[in-house]
Amino acid sequence: MSKDRTEIAAMADEYVLGLLEPAEARQVEAEMDRDPDLKAAIAASRDRFLPLDDTADPAVVGDDLWSRIDAALPVQGAASAETRRPTANDNSPGGRRWRATALAALAAAVLLAVALSFNLLRTVEPLVVAVLVNEAGEIQAIVEDFGNETAAVRLLADFTVPADKTIEVWTLPSPERGPVSLGLIEDARSVRLQGHAAAGSGLPLPRDSQLYELTLEPAGGSPTGRPTGVILAKGLARITR
């Protein structure tokens, strides 16, 4: 599946929203195992749309939905009295075309509503995004660095953390400065860290190919201010805009 970043993000959104045809959905599911970018995009889409799921009440579509939509549509042209109006169970070619058009319009409305809701929920975009992988190349976490002393970390794998240990997030703004802690992840899968401020601020804006990593450190964080434990995952950032 040769697609650019925009196409992958759009496909991930459509898959999560259930807008793909069954065959397309199966293709995406098969491709996820081979394409880490697609897998990461789908995980990000699920988390992004989660607030919409949490605030929406389940609704059952009534059997008369198509009849009500049809009745609300304006008459096209000078239709004769004998012209038959398509109904919800109309299997004629014209009826199928009408339903396909209506479905496309409904799908577009859903995408527009989701896009507007997402823009309201998330007004600041990250400057860089880093996909962190383990030694086997398996995706373990995603880091979004906003460049305003804030970074968001989303764990995509289960980590076994002993009671006397914690996961610490690091970045390497420059070889001269060395690794800087962005904060600790404790009993959570998604966290927003204010690590830049804790590190004394003065950090430059995150850049393309900047290193991010997770290490296993003593409870409370590294005692030296530098990574001392096992590296759980690491990856290089990519600029998002």
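None of the figures in this text is laboratory data; all of them are computed from the coordinates on show. Since the model is a prediction, treat every value here as computed from it, not as a measurement. In this analysis, Cβ positions are derived from the backbone assuming ideal geometry, glycine residues included, and neighbour counts consider all displayed protein chains.
Full extension of the chain between Ile231 and Ala157 yields a length gain of 25.2 nm, computed as 0.36 nm times the residue separation minus the alpha carbon distance. Each Lys and Arg Cβ is given +1 and each Asp and Glu Cβ -1; about its Cα centre, the stretch 128-239 then shows a dipole of about 200 debye.
Backbone phi angles across the stretch 24-39, fed through the Karplus curve with coefficients 6.51, -1.76 and 1.60 (θ = phi - 60°), yield HN-Hα couplings of 5, 4, 5, 5, 5, 5, 6, 6, 4, 5, 9, 10, x, 5, 5, 4 Hz in residue order; Gly and Pro are listed as x.
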